[in-house]
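Below: the structure, in structure tokens.
The values are calculated or read from the model by the stated rules, or taken from the named source; none is laboratory data. Predicted model only: the values in this text are computed from it and were never measured. Positions of Cβ are backbone-derived with ideal geometry, glycine not excepted, and every protein chain shown enters the neighbour counts. Heads up: the accessible areas ignore ligands, DNA and RNA and are worked out on the full protein's heavy atoms, side chains in. Shrake-Rupley method; radii C 1.70, N 1.55, O 1.52, S 1.80 Å.
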Amino acid sequence: MTDTQPNNPLHGITLEQIVTRLEKHYGWEELGRRIEIRCFTHDPSVKSSLKFLRKTPWARTKVEALFVATQNSVYQRK
């Protein structure tokens, strides 16, 4: 089987993995400052965030963009 999306930085990564890694890296408070959505600022959890992000494409796009930017900055430091 060949990799069909070699240039897609999100290929093979689930939304749950993205939210979990961002929360671990930034914490909920900083995530809420960077992306002002209620699921990050009011009683945040991975489960509530996933529920909201799966129904809200504009918010999911922002979260995925932050994840890609964060990954790029982490890899540039290595």
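Points to keep in mind about this one:
- Where the Cα pairs of the chain fall when distances are cut into 5 Å bins, in %: 3, 15, 27, 25, 15, 9, 4, 2, 0
- Screening the chain for whole DSSP H helices with an alpha carbon extent of at least 15 angstrom along the helix axis and a mean Kyte-Doolittle hydropathy of at least -1.0 yields 57-77.
- Per residue accessible area of the chain, 1.4 Å probe, in Å²: 73
- Computed E for D43/N7 - FRET, C-beta separation, R0 35 angstrom, nearest 0.05: 0.40
- Positive minus negative residues near E64 (Lys, Arg vs Asp, Glu; Cβ under 14 Å): +4
- For the chain, the carbon plus sulfur part of the accessible surface works out to 51%, probe radius 1.4 Å.
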